Structure formats: C-alpha cells, structure tokens
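The structure appears right after this line, and notes come after that.
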4 protein chains.
Amino acid sequence: MSMMQECIEACSAAAMSATMCADADAAEGMGRCASLCTNTADVATTMMRMMMRPAGYDMGVMTSMMTACMTMGEACAAECAMHADMSEHCRICASACTAMVEACRSAMSSMQTAS
Amino acid sequence: MSMMQECIEACSAAAMSATMCADADAAEGMGRCASLCTNTADVATTMMRMMMRPAGYDMGVMTSMMTACMTMGEACAAECAMHADMSEHCRICASACTAMVEACRSAMSSMQTAS
Amino acid sequence: MSMMQECIEACSAAAMSATMCADADAAEGMGRCASLCTNTADVATTMMRMMMRPAGYDMGVMTSMMTACMTMGEACAAECAMHADMSEHCRICASACTAMVEACRSAMSSMQTAS
Amino acid sequence: MSMMQECIEACSAAAMSATMCADADAAEGMGRCASLCTNTADVATTMMRMMMRPAGYDMGVMTSMMTACMTMGEACAAECAMHADMSEHCRICASACTAMVEACRSAMSSMQTAS
C-alpha cells in the first residue's frame, strides 16, 4: 500500500515535469521531445488515476498498464537525457521519468507478491 | 494509416460509452463497473491521443500501450456484459469496448507489418 | 438534448484537431500555437465528458465551463487562423475550434431556455 | 509566481481527492456525488496543466477557466459536505475542493495585479 502511494506520487511528478517540458520544447522546435513528453503526461496521469480507483482493481489490467507506463517513461527519459546538458526542463523531466519507472517496478513486484 | 484511423475512432467511441456507463452505474451502486468504465475512458482517451501524435512515435511504446488498452477493454467488456441484459448503457459499453479491442489488434498487426 | 449531442461531437472534433495541430506545431517551433492547442484539447475533452455525465448536472457549473470552453476555442482559433494559409493543420484546427464555439453557444441558449 | 505554484498544488490535491471520492461513492450508490467528483477531477487536472503551459498564456482564457474551476470546486464541496459526517472520503474531498477554490481566488487576484 505504501509502495502504491509512492508510485502515485512518482507518476504525479513525472506528469507535471513532462507537461512543462513539452511546453518549453515546442518553442524550441524540439518536436520529438515535445511529443514524447505530452504522451508521458497522459500515460502517467492515467496510471496514477487507476491506482486511486481500487473498486475496479484487476491484476491483469494493472500489470499491462504498469508495463506501458514503464516503457513510456524509459523512452521519454532517453529522449530528454540527450538534451539534459543544455536544457534544464529536459534534465528535470528525465529524472522524474526515471523515478516513475523505478516506482512502477517496485509497485509491480509488491502487487505480485501480495497476490 | 487507415487502420490507425479506424482505431482512433473505435477508441473515441469506447471512451464516450464508458464515460456515460460509469455515470449511470454510480447511481445504481454498481461500483466495480463504474470504476472499470472510468479507467477505460482514461486509457482509451490516452491511446487515441498517442495515435494522433506521430512526431513522438515509438514502436515499443505503442505496442505496450496497445496491449494495455486491449487488456483494459477486455476486462471492461467482460464486466459490462454481465449487466447487459438489464442495462442498456452496459450493453452499449461492452460492444464499444469489444470493437476497440478488435481495432487495436488490427492496428498492431499493421504496425508490425509496416516496420 | 440534440443540441447537447451536437455540442459533444463538436468538442470531440476540436479536441482531435487541436491534439494533431499541437504535435505538428512543436516540430515547426510554433510554441504559442502548440501551447494553446494542447490547452484546447484538454478543455474540449473535459467539456465533452461533463456533458456525458448527467447525474451531476449543475446549471451554474455547466454555464461557467461552457464560457471557459468558448473563450479557449476563440483564442485558439485566432492563433491558428494566423497560420492557416501556410499550414493545413492550423486551418483545420481553427475551423474545428470555431465550430465548437458555435455549438457551445447553441447548447448554452438551449440550457437556459429549458431551465 | 509562488501564488501559481500554490494553486497548481491545490488543484493536484483536489484532483486526487475527487478521483478517490468518486470511486468510493459509486460503490455506495451516491451517483450525484460520484458524478460531481469525476467532473472536478477533470476540471482540476485541466486547470493545473494550463498553469504549467506558460507559452500559450492568455489572460482572458485563464480568467474564464479559473472561474469555471472555482464554480466546480464550490459545487463539489457543497455536495461532499452533506456526506462529510458519515464518509471520510467526502470530508477530505470537500476540504481539498475548498482549498482549491481559495488558491484559485488568490492566483486570479495576483494575475490581475500583475497585468
């Protein structure tokens, strides 16, 4: 349960960082980074909301959405890491995405142990 | 590309049906159905938006999100199908979810053939 | 009721056009347009969802959200109209935003007559 | 700027509380409360995202969306307050909605002073 709480907070932080990174990217013509960050904001927000809805909990659904969220976070972190030296918003976003991926991994292993 | 267009439309229809089903479910005390439908609305909306953002296209991300969307649609359709006889909104939602799952399956196989 | 249905469809079309316009804008360094379009996609999606949730209908809430949606649609249409000659996605988005504003205006006057 | 930061955090807290309240409401057959809370979660999330996108800042759009967010927060707080004695999730949600309304009011007056 505290693993889930940490994961919700990590998704929230990644959604915020990615929203701000996408807005800044667009003005700099960084189209691929903006697109990946906008996707990350949506995926992280959906993931976070699903953890806050226990009434419809389904192990298979949570596992596949966690996997999608981790794949998304890894792709976004890899893109942002390429611009992290020159762009503070990319450095922050890469770090928040990596933290989300780790929090999802911990939450998934807790879920599987609990079941 | 037309496969993608059909998949976007199927996700849009499922998101709408699930939003309306969840609202009606809550008044009837159908908590598990409302929760699954609210999750489906968010997952389908995110999936649809990702298909409309080609600049950040990533094969691995799309594949894992499509898988999550199909798993979600199947779980929601199964739940709604149990109430379809007595509840028109569940019948409609089950049908829209099943159509979304099929459209995702077609879009995924097109994506994999194209790459 | 049919006014509401038309308004839902107009919001859905604007949300889709704005999502695609924002993705294309970012690659072209059109930061202000991308930002307004991303906001429009979120506002139109929220507006549309609220119309599909009759159980929590509140006249004051609907009126203020309709007003926000119209103000957003007008600002986005004005920005996109400036690039409509050279950019097809901006031309489509401006047109979808204007149609959403008109549909919201009709839905609002129906709501007020009905009450 | 710090007013905006406080407002983003208040919207985030309200979006989370309302998401959890809606999920619990549905299982208890509290349809109107679930519907208002689900709307609040969407409006607060959209409001929060708009504050994190400075590139498309428009005073008229922000003012009308802040007004919609405050009207939504007041309606949701009023509904949740009616069940606050018997339902912990409603008590928390009412409190988070009231805090969001106050934070929006402060952010709006800062915005208007700054311009």
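Along the axis of the charge dipole computed for the stretch D:2-114 (Cβ charges of +1 for Lys and Arg, -1 for Asp and Glu, origin at the Cα centre), the listed residues D:CYS90, D:ALA14, D:THR113 are led at the positive end by D:THR113.
From the square roots a ≥ b ≥ c of the eigenvalues of the alpha-carbon gyration tensor of the protein assembly as shown, which class results: rounded (a/c under 1.5), prolate (a/b over b/c), or oblate? Rounded. A simple spin-label model places the labels of B:GLU6 and A:GLU6 4.5 nm from each other, with each point 7 Å out along Cα-to-Cβ.
Largest accessible area first, the residues B:SER110, C:SER87 order themselves as B:SER110, C:SER87 under a 1.4 Å probe with ligands, DNA and RNA left out.
Over the C-alpha trace of chain D, radius of gyration and Dmax come out as 14.1, 47 angstrom. Across the alpha-carbon set of the stretch A:6-60, the Rg to Rh ratio works out to 1.12, Rh being the Kirkwood radius.
Surface listing: C:THR46, A:THR113 arranged by accessible area from highest to lowest gives A:THR113, C:THR46, probe 1.4 Å. Ranked from shortest, the separations from the 7 Å Cα-to-Cβ label point of B:GLU6 to its equivalents in the other copies are 3.2, 4.5, 5.5 nm.
For chain D, carbon and sulfur atoms together expose 60% of the accessible surface, with a 1.4 angstrom probe and every protein chain in place.
Adding -39500 (n - 2.57) for every DSSP H run of four residues or longer, then dividing by how many residues chain D holds, sets the calculated 222 nm ellipticity at -30000 deg cm²/dmol.
Each part reduced to its alpha carbon centroid, the stretch A:1-23 and the stretch A:56-101 end up 9 Å apart. Each copy carries a label point for B:GLU102 at 7 Å from Cα toward Cβ; from one copy, the others' points are 3.5, 4.6, 5.4 nm away, ordered from shortest.
The values are calculated or read from the model by the stated rules, or taken from the named source; none is laboratory data. Since the structure is predicted, the reported quantities are computational estimates derived from the model, not experimental observations. Heads up, the Cβs are rebuilt from the backbone with ideal geometry, glycines too, and the neighbour counts pull from every protein chain shown. For the accessible areas, the whole protein counts, side chains as well, though only heavy atoms, and no ligand, DNA or RNA atoms are used. Shrake-Rupley method; radii C 1.70, N 1.55, O 1.52, S 1.80 Å.
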